[in-house]
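> Pasting in a structure now, in structure tokens, and then I'll have a few things to ask.
The values are calculated or read from the model by the stated rules, or taken from the named source; none is laboratory data. Note that this is a predicted model, so its numbers are computed, not measured. Positions of Cβ are generated from backbone atoms using ideal geometry, with glycine treated the same way; all protein chains shown enter the neighbour counts. These area figures cover heavy atoms from the full protein model, side chains too; ligands, DNA and RNA do not enter into them. Shrake-Rupley method; radii C 1.70, N 1.55, O 1.52, S 1.80 Å.
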2 protein chains.
Amino acid sequence: MANVLVVHGGGPTPVINASLYGVLRQAEEYKDIDHVYGAIGGSQGILKERFLDLAGFSREKQELLLATPGTAIGSSRYALEQEDYEAMADIFRKYDIRYVLMNGGNGTMDTCGKVHRACAEAGVRVVGIPKTIDNDIAVTDHSPGFPSAARYIAQTVAEVGVDVKSLPIHVSIVEAMGRNAGWITAASVLARKKPGDAPHLIYLPERPFYEEEFLEDVKRLYKEKGGVVVVASEGLKGPDGEPIVPPIFRSGRSVYYGDVSAYLAELVIKRLGIKARSEKPGLCGRASMALQSPVDREEAILAGREALKAAVSGESGVMVGFAREETADGSYKVKVRMIPVEEVMLHERVMPVEYQNSRGNDVTEAYAKWCGPLLGAEISDYIDFQEVYHESSAPLG
Amino acid sequence: MANVLVVHGGGPTPVINASLYGVLRQAEEYKDIDHVYGAIGGSQGILKERFLDLAGFSREKQELLLATPGTAIGSSRYALEQEDYEAMADIFRKYDIRYVLMNGGNGTMDTCGKVHRACAEAGVRVVGIPKTIDNDIAVTDHSPGFPSAARYIAQTVAEVGVDVKSLPIHVSIVEAMGRNAGWITAASVLARKKPGDAPHLIYLPERPFYEEEFLEDVKRLYKEKGGVVVVASEGLKGPDGEPIVPPIFRSGRSVYYGDVSAYLAELVIKRLGIKARSEKPGLCGRASMALQSPVDREEAILAGREALKAAVSGESGVMVGFAREETADGSYKVKVRMIPVEEVMLHERVMPVEYQNSRGNDVTEAYAKWCGPLLGAEISDYIDFQEVYHESSAPLG
């Protein structure tokens with residue numbers, strides 16, 4: 001008999017629990033798999049031998065994973081030391097753990113590679129399940145977690161856009177997550193169903209942010225519309241490469257910055273004398289179950305299943321990745337490919353230049369086309385009678 | 001024949017369009033009502049005679065009102081002058097408008113009373129439809145708009161709570177709307193399904209905010225939990241009655257303040273050396289269609305219907321209000337009562353003392369009991385295997 005261990009690393013996504021669910025379902029297909037353990041509280045849970053047998057719970061409880069934000073077994077940002085890796089082989093042997101599935105982002109994939117090397121001799125197979133709302137994991141077309149974060153920002157900006165348009169008295173700056181990669185920020189473009197819809201300006205962390213150009217654009221749009229919606233990445237940097245908002249807290253690897261949205265709103269107020277406000281959904285955007293992408297949920301389950309499948313079939317030191325499959329009608333279809341963890345670790349995936357417009361205040365149609373299918377749901381239709389009024393030559397019709 | 005005019009005033013809610021829908025449905029019941037006009041862009045729309053016949057649109061387009069955030073006919077914060085009121089009687093006569101329904105908050109109800117007095121002689125009947133996310137309209141049990149804002153904050157804080165608990169490394173300060181009235185902030189308590197759940201601290205604008213007490217509470221909770229969720233009103237004031245965040249912009253009646261959540265997060269970081277972050281859903285919380293309260297939607301439709309019914313039956317200078325009906329099984333049921341606008345205008349409705357706890361960092365069970373039925377939906381159930389692990393004496397089961 002052999003056991004499986006699932007470990008969660010880093011920040012949650014709306015579908016990390018769906019991948020865990022996928023592992024549980026897949027495990028049922030193998031007669032020689034006895035227990036599926038969750039490492040409680042992330043990688044520290046391995047070292048402390050805090051394991052919970054998840055396969056033992058009712059199907060009903062397991063199904064709740066699909067609708068649960070955060071991570072149901074807990075996660076950590078604990079940085080493992082060399083001695084920790086060395087201790088693991090013994091722990092895995094003690095619990096008959098043959099398959100270790102590590103679900104996380106770039107940091108976790110690094111860990112995944114190290115556990116693989118440390119425990120290969122002991123016959124332990126280690127496979128990574130990608131997870132990041134930021135979509136900054138390389139080589140794979142995208143990672144579970146991102147599509148839901150993308151749907152959240154697109155749907156939310158669409159709604160804020162309708163609100164601002166119906167009482168056009170201010171500039172609203174919506175802050176999107178993704179400090180180094182602008183994928184989420186960019187996804188707000190899918191709120192724009194016709195020209196003139198929000199978002200009116202989009203600022204990515206990949207581009208230097210020029211305050212004067214920003215103010216120029218806001219001033220022009222405010223004059224034209226009265227209500228302007230700007231989406232800005234939390235990680236905007238100036239031409240000097242430094243964050244436009246100075247850091248207020250540092251602790252180990254973590255740096256805490258002030259809010260970009262509040263900073264930009266204040267800038268608009270002070271420099272242009274225009275009323276401005278900030279919306280910063282923050283964690284709400286990675287925890288919303290109502291706006292979870294159904295495509296994301298299915299792919300996250302798939303990633304969990306495929307990770308276990310790969311481990312059982314003997315693979316190790318690889319991560320589940322996605323590629324787009326060519327289809328006759330051009331419709332979206334994903335295929336799974338295993339990627340060596342070393343390949344993944346070569347770089348942080350950021351928004352390529354062809355997805356950025358030339359002025360650096362919007363994204364391209366190519367990006368919208370790439371991102372659209374991931375949302376798994378249409379952005380809602382709304383009725384705007386003000387628009388009808390303006391279009392109509394005989395409004396009293 | 002007679003026509004109806006609907007006017008929207010002030011900020012949108014998730015259901016102001018539902019009230020408009022109610023008016024349209026109710027108008028179909030009267031043979032002598034010909035047109036239902038929307039004043040495009042709020043009260044200025046009256047003066048500019050920008051009227052659109054809404055009854056003329058397909059049912060399908062009208063149904064879209066129920067799922068449209070913002071206001072589909074536009075709103076304004078324009079302050080009418082005496083001469084404006086005097087001009088209205090002629091305009092109403094010109095368009096055969098006999099029934100004027102004004103949908104808005106306290107400011108709009110003031111306008112409602114003035115239009116009523118200015119146009120009574122012309123035979124025009126003016127009825128108010130309450131609307132506010134802040135729930136600060138007096139006499140009525142609650143106002144359309146608030147229940148959806150309450151559901152949004154409760155569901156969102158529940159999700160953020162699960163996120164923070166699963167990776168307990170920081171204090172999250174969630175900012176809730178409602179500058180003078182804490183009803184929305186308080187509704188976050190409904191996220192707490194069992195003791196220890198988020199929100200861990202709730203701060204209302206009705207209570208002076210003592211920074212030292214706040215820091216004490218946060219420090220204690222962080223030590224105990226590692227992850228703390230605080231919900232704070234955007235309008236928190238210190239013991240001196242001044243906002244804890246100084247104003248950064250003033251324009252006429254409007255004052256724009258910096259973000260309370262960012263301010264408090266920075267305070268926690270600087271004074272306690274604990275990582276903290278802010279979430280400020282802002283406008284997202286009054287525009288979310290996914291978290292619209294079904295009770296709110298039905299009541300908003302009802303308010304629209306009842307307003308027209310009252311006007312047709314000869315009432316004027318009144319607002320539709322809600323009261324709770326006693327039921328045998330204690331279940332929630334609302335009844336409609338007409339309230340003279342003057343009565344409504346006497347005071348701004350804030351959270352009574354019996355809904356605030358003694359330390360001023362939480363709300364009471366009585367408040368939760370009052371607010372709960374308005375959400376119209378259960379706060380979701382989640383699975384937390386970390387909890388199961390801690391409860392279990394034999395975790396490897």
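> I'd like the residue in segment A:261-276 that is in contact (Cβ under 8 Å) with a residue 12 or more places away in the chain and open to solvent by less than 30 Å² (accessible area, probe 1.4 Å) and, out of all such residues, is farthest from A:Cys371 (Cα to Cα). Quick ask: steps written out before the conclusion?
Looking only at segment A:261-276, we keep the residues that are in contact (Cβ under 8 Å) with a residue 12 or more places away in the chain, and these are A:261-265, A:267-268, A:271-272, A:274-276.
If we keep only those that are open to solvent by less than 30 Å² (accessible area, probe 1.4 Å) as well, we get A:261-262, A:264-265, A:267-268, A:274, A:276.
On the way: A:Ser261: 24, A:Ala262: 28, A:Leu264: 27, A:Ala265: 28, A:Leu267: 31, A:Val268: 30, A:Ile274: 33, A:Ala276: 29 Å.
Of everything passing the filter in segment A:261-276, A:Ile274 is farthest from A:Cys371 (Cα to Cα).
> Looking at segment A:222-232, is at least one residue surrounded by fewer than 15 Cβ atoms within 10 Å (Cβ to Cβ), more than 14 Å from chain B (Cβ to nearest Cβ) and modelled with pLDDT of 95 or more?
Checking segment A:222-232: at least one residue is surrounded by fewer than 15 Cβ atoms within 10 Å (Cβ to Cβ), more than 14 Å from chain B (Cβ to nearest Cβ) and modelled with pLDDT of 95 or more.
> Only one of (1) open to solvent by 60 Å² or more (accessible area, probe 1.4 Å); (2) in contact with a Cys (Cβ under 8 Å, 6 or more places away or on another chain) is not met by A:Glu60, so which one is it?
The one condition A:Glu60 does not meet is (2).
> Does A:Asp240 count as more than 10 Å from chain B (Cβ to nearest Cβ) and surrounded by fewer than 16 Cβ atoms within 10 Å (Cβ to Cβ)?
Details: more than 10 Å from chain B (Cβ to nearest Cβ): yes; surrounded by fewer than 16 Cβ atoms within 10 Å (Cβ to Cβ): yes.
Spelling it out, A:Asp240 is indeed more than 10 Å from chain B (Cβ to nearest Cβ) and surrounded by fewer than 16 Cβ atoms within 10 Å (Cβ to Cβ).
> Taking A:Ala198 as the residue in question, decide whether it is within 28 Å of A:Leu66 (Cβ to Cβ), small (Gly, Ala, Ser) and outside any strand (DSSP E or B). Spell out how you get there, then give the answer.
Numbers: within 28 Å of A:Leu66 (Cβ to Cβ): no; small (Gly, Ala, Ser): yes; outside any strand (DSSP E or B): yes.
For A:Ala198, the condition - within 28 Å of A:Leu66 (Cβ to Cβ), small (Gly, Ala, Ser) and outside any strand (DSSP E or B) - is not met.
> While we're on this one: Under 8 Å between Cβ atoms, at least 6 apart or on separate chains: pull out the pairs that start in segment B:48-73 with a residue that is under 17 Å from B:Ile97 (Cα atoms) and end on any residue that is part of a strand (DSSP E or B) and of a type in the set (Ser, Thr, Tyr).
Cβ pairs passing all conditions: B:Phe51/B:Tyr37; B:Leu52/B:Tyr37; B:Asp53/B:Tyr37; B:Leu54/B:Tyr37.
> Follow-up. So which residues in segment A:8-52 are over 19 Å from A:Cys112 (Cα atoms), hydroxyl-bearing (Ser, Thr, Tyr) and not in a loop (DSSP other than H, G, I, E, B)?
Within segment A:8-52, just A:Tyr21 meets the criteria.
> Kindly indicate whether any position in segment B:6-14 is facing another protein chain (nearest Cβ under 8 Å), more than 15 Å from B:Val127 (Cα to Cα) and at pLDDT below 95.
For segment B:6-14, residues facing another protein chain (nearest Cβ under 8 Å), more than 15 Å from B:Val127 (Cα to Cα) and at pLDDT below 95: absent.
> Out of A:Glu49, A:Glu28, report the one residue that is surrounded by fewer than 17 Cβ atoms within 10 Å (Cβ to Cβ), within 10 Å of another protein chain (Cβ to nearest Cβ) and either more than 25 Å from the chain's Cα centre (by Cα) or closer than 15 Å to A:Val7 by Cβ (or both).
Working: A:Glu28 fails: within 10 Å of another protein chain (Cβ to nearest Cβ).
Unique residue meeting the criteria: A:Glu49.
> Could you please find all residues in segment B:99-138 being of a type in the set (A, V, I, L, M), over 24 Å from the mean Cα position of the chain (by Cα) and under 16 Å from B:Val4 (Cβ atoms)? Give the derivation first.
Taking segment B:99-138 as the starting set, the residues that turn out to be of a type in the set (A, V, I, L, M) are B:100-102, B:109, B:115, B:118, B:120, B:122, B:124, B:126-127, B:129, B:133, B:137-138.
Pick out the ones that are also over 24 Å from the mean Cα position of the chain (by Cα) and you get B:115, B:118, B:120, B:122, B:124.
Selection gives B:Val115, B:Ala122, B:Val124.
> Condition first: open to solvent by 10 Å² or more (accessible area, probe 1.4 Å) and either touching a residue at least 12 places away in the same chain (Cβ under 8 Å) or at positive phi (or both). Now tell me which residues in segment B:300-318 satisfy that.
The answer is B:Ile301, B:Leu302, B:Arg305, B:Glu306, B:Lys309, B:Val312, B:Gly314, B:Glu315, B:Ser316, B:Val318.
Rundown of residues vs (1) open to solvent by 10 Å² or more (accessible area, probe 1.4 Å); (2) of a type outside the set (Val, Ile, Thr); (3) touching a helix residue (DSSP H, G or I) at 6+ places or on another chain (Cβ under 9 Å), yes/no style:
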residue	(1), (2), (3)
A:Asp259	yes, yes, yes
A:Asp296	no, yes, yes
A:Val320	no, no, yes
A:Leu346	yes, yes, no
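> Okay, next question. Can A:Leu5 be described as touching a Pro at 6+ places or on another chain (Cβ under 6 Å), in a strand (DSSP E or B) and farther than 26 Å from A:Gly285 by Cα? Explain how you work it out, then say what you get.
Details: touching a Pro at 6+ places or on another chain (Cβ under 6 Å): no; in a strand (DSSP E or B): yes; farther than 26 Å from A:Gly285 by Cα: yes.
Here the answer is no, as A:Leu5 does not meet what is asked.
> In segment A:319-336, which residues are in contact (Cβ under 8 Å) with a residue 60 or more places away in the chain and closer than 24 Å to A:Leu5 by Cβ? If you could, list the steps in order and put the result at the bottom.
So the first thing to find is which residues in segment A:319-336 are in contact (Cβ under 8 Å) with a residue 60 or more places away in the chain, and the list is A:319-324, A:334.
A:Met319, A:Val320, A:Gly321, A:Phe322 - these are the residues of segment A:319-336 that are in contact (Cβ under 8 Å) with a residue 60 or more places away in the chain and closer than 24 Å to A:Leu5 by Cβ.
> Being within 12 Å of another protein chain (Cβ to nearest Cβ), surrounded by fewer than 19 Cβ atoms within 10 Å (Cβ to Cβ) and within 24 Å of A:Leu64 (Cβ to Cβ), is that true of even one residue in segment B:358-377?
yes
> Let me ask something else. Exactly one of these conditions fails for B:Tyr222: (1) under 21 Å from the mean Cα position of the chain (by Cα); (2) free of Cβ contacts under 8 Å to residues at least 60 places away in the same chain; (3) at negative phi. Give me its number.
B:Tyr222 satisfies all of (1) under 21 Å from the mean Cα position of the chain (by Cα); (2) free of Cβ contacts under 8 Å to residues at least 60 places away in the same chain; (3) at negative phi except (1).
> Just checking, how many residues over segment B:258-310 are more than 10 Å from chain A (Cβ to nearest Cβ) and part of a strand (DSSP E or B)?
Taking segment B:258-310 as the starting set, the residues that turn out to be more than 10 Å from chain A (Cβ to nearest Cβ) are B:260, B:264, B:267, B:271-272, B:292-310.
Add one more test, that the residue is part of a strand (DSSP E or B), and what stays is none.
The number of residues fulfilling the criteria is 0.
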